[in-house]
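Below is one structure, written out as structure tokens, with a few remarks after it.
The values are calculated or read from the model by the stated rules, or taken from the named source; none is laboratory data. Predicted, not measured: the structure shown is a model, and the values here were computed from it. As a convention, Cβ positions derive from the backbone with ideal geometry for all residues, glycine included, and neighbour counts pool all protein chains shown. The protein model used for the area step is the full one, side chains on, heavy atoms only, and it has no ligands, DNA or RNA in it. Shrake-Rupley method; radii C 1.70, N 1.55, O 1.52, S 1.80 Å.
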Amino acid sequence: MSSAFPAVHVLTPNFIEMKRFFITGGAGFIGGNFILNLMKYGQVKVVNYDKLTYAGNLDTLSSIENDPNYIFVQGDICDGDKLRKLLVEYKIDRVVHFAAESHVDRSIESPGDFIQTNVVGTYELLEATRNYLGKVSGLEDFRFLHVSTDEVYGSLRAPGLFTEETPYAPNSPYAASKASSDHLVRSYFKTFGLPVVTTNCSNNYGPFQFPEKLLPLMIQKALAGEPLPVYGDGKQIRDWLFVKDHCKAILQVLEKGEAGQVYNIGGHNEKANLEVVHSLCKVLDEMVPDSPYHPHKDLIEFVTDRPGHDRRYAIDASKIQKHLGWKPEESFETGLRKTVRWYLDNNDWVSRVMSGAYRGERLGLE
Ligand code: NAD
């Protein structure tokens, strides 16, 4: 992949303009939304570095693929040499680290991939960044933002909320691998002074989410009249955040966050899984009036719970609100409606995922 960006610009008072972002996992759900949002600022340069696992989908970024300020590089975050070369080549001043194995069920089936990407990969990215910062000058406001999850805190007993001080107690291999990566990131600040910030966020939902996750999975199944599988009693509580709110929070942390700090990000939307599926069914009843499967809630079916399934997560997001002025704009009700509308209007994106066509074509592999 050749260097397409023009010469480095003088920094402007607006932090985002002219900045050079290195985004790992930008072909995934949150990373893809983040890049689409970021490119709206006009003057940013973005290198999207992604291995393109099953979860990476370049269709999501088709609207910007020819933008001269955007470059896609296929690669693994475990490849330290490649990372080092790219950071130097593009004179990066923002690393935003989304790349991860992210699906809890898969982490129970094959934990090894999670250790490799989430732990070893994060270590390689930190090392490459440390090496890069040791070589270049003039990057005083460089930032490395590590995107993590509230699952590192384990399961909450009501009442109470996860704060940035809550001790880690991960219960799935996914959560444990993310917890390990968080500790590595922290240690690179404490030991080497790397200017890192970490965000721990609750469950995201919204456009471009791979249809193995709860909401898109249920939407596809409901539209096809298939059973809607709900784990256990469906009373597992999660906090739900619309993905675009998460993307704005990440930018805010990059702009105003203090190096070495951790910020919890949440939507103030605690919902039991069953309640989420019921709300979804209601919205589908309304938005798809000619569906033969009314009421969609009749499709709900309880299935054996997953092992180690945490009962409740809930985020205290007061630190980011108080210190950085961020709060979510969408309620669960408005975000859910936008999400369902998006999936109904973007059937092409979904069908290409379901058929597997999203893999390969853009890389000339099919
Ligand atoms: P995702 O699974 O949709 O996307 C992950 C992306 O990373 C994919 O594009 C994949 O190809 C890429 N990737 C995987 N392994 C890689 C590797 N070794 N090298 C380079 N790229 C690789 O994930 P997501 O839902 O967008 O989550 C992004 C990040 O946010 C993750 O770190 C996750 O832990 C965190 N997070 C997610 C949620 C959520 O609700 N989805 C909530 C909180 C935090």
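Do the conditions hold for A314, that is, is it among the aliphatic types (A, V, I, L, M), more than 16 Å from S148 (Cβ to Cβ) and open to solvent by less than 80 Å² (accessible area, probe 1.4 Å)?
On the way: among the aliphatic types (A, V, I, L, M): yes; more than 16 Å from S148 (Cβ to Cβ): yes; open to solvent by less than 80 Å² (accessible area, probe 1.4 Å): yes.
Against the criterion (among the aliphatic types (A, V, I, L, M), more than 16 Å from S148 (Cβ to Cβ) and open to solvent by less than 80 Å² (accessible area, probe 1.4 Å)), A314 qualifies.
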Output for the range 177-227, where each listed residue is in contact with a Ser or Thr (Cβ under 9 Å, 6 or more places away or on another chain), closer than 26 Å to N269 by Cα, open to solvent by 20 Å² or more (accessible area, probe 1.4 Å) and away from the ligand (no atom under 12 Å from the Cβ)
L223
Taking the criterion of being of a type in the set (G, A, S), open to solvent by less than 30 Å² (accessible area, probe 1.4 Å) and within 14 Å of the ligand (Cβ to nearest atom), would at least one residue in the range 151-171 satisfy it?
no
For the range 271-294, which residues satisfy the criterion of being charged (D, E, K, R) and assigned to a helix (DSSP H, G or I)?
E275, K282, D285, E286
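Which one of these is without any contact (Cβ under 8 Å) to a residue 60 or more places away in the chain, over 30 Å from A169 (Cβ atoms) and among the small types (G, A, S): S137, S148? I'd like the intermediate steps shown before the answer.
Values: S148 fails: over 30 Å from A169 (Cβ atoms).
Exactly one residue qualifies, and that residue is S137.
Check E140, E127 and return the single one that is at pLDDT 95 or above and farther than 23 Å from I35 by Cβ.
Details: E140 fails: at pLDDT 95 or above.
Result: E127 is the single residue among E140, E127 that is at pLDDT 95 or above and farther than 23 Å from I35 by Cβ.
State whether one or more residues within the range 106-120 are open to solvent by 10 Å² or more (accessible area, probe 1.4 Å), under 25 Å from K244 (Cβ atoms) and either within 16 Å of the chain's Cα centre (by Cα) or among the charged types (D, E, K, R) (or both).
Of all residues in the range 106-120, those open to solvent by 10 Å² or more (accessible area, probe 1.4 Å) come to 106, 108-113, 115-117, 119-120.
Narrowing further to those that are under 25 Å from K244 (Cβ atoms): none.
For the range 106-120, residues open to solvent by 10 Å² or more (accessible area, probe 1.4 Å), under 25 Å from K244 (Cβ atoms) and either within 16 Å of the chain's Cα centre (by Cα) or among the charged types (D, E, K, R) (or both): absent.
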Scanning the range 86-106 residue by residue, those at pLDDT 95 or above and within 15 Å of the ligand (Cβ to nearest atom) turn out to be L86, L87, V95, V96, H97, F98, A99, A100, E101
Every residue in the range 52-85 that is closer than 19 Å to R352 by Cα and either of a type in the set (A, V, I, L, M) or open to solvent by 20 Å² or more (accessible area, probe 1.4 Å) (or both), please.
L52, T53, Y54, A55, L58, L61, S62, S63, I64, E65
Top-ranked residue in the range 73-83 [being free of Cβ contacts under 8 Å to residues at least 60 places away in the same chain and more than 26 Å from N200 (Cα to Cα); ranked as nearest to the ligand (Cβ to nearest atom)]:
K82
Among the residues of the range 206-234, how many are in contact with a strand residue (DSSP E or B) (Cβ under 7 Å, 6 or more places away or on another chain) and either closer than 14 Å to S279 by Cα or without any contact (Cβ under 8 Å) to a residue 12 or more places away in the chain (or both)?
6
Tell me which of these D245 doesn't satisfy, since it passes every other one: (1) closer than 30 Å to D141 by Cβ; (2) outside any loop (DSSP other than H, G, I, E, B); (3) away from the ligand (no atom under 13 Å from the Cβ).
(3)
Under 7 Å between Cβ atoms, at least 6 apart or on separate chains: pull out the pairs that start in the range 163-178 with a residue that is closer than 11 Å to P111 by Cβ and end on any residue that is among the aromatic types (F, W, Y) and within 15 Å of the ligand (Cβ to nearest atom).
P173/F114; Y174/F114; S177/F114
Hits in the range 121-150 (condition: among the polar types (S, T, N, Q), surrounded by fewer than 16 Cβ atoms within 10 Å (Cβ to Cβ) and closer than 12 Å to L194 by Cα):
N131
Within the range 330-366, can you find the residues that are at pLDDT 95 or above, in contact with a strand residue (DSSP E or B) (Cβ under 8 Å, 6 or more places away or on another chain) and not β-branched (V, I, T)?
E330, F332, G335, L336, K338
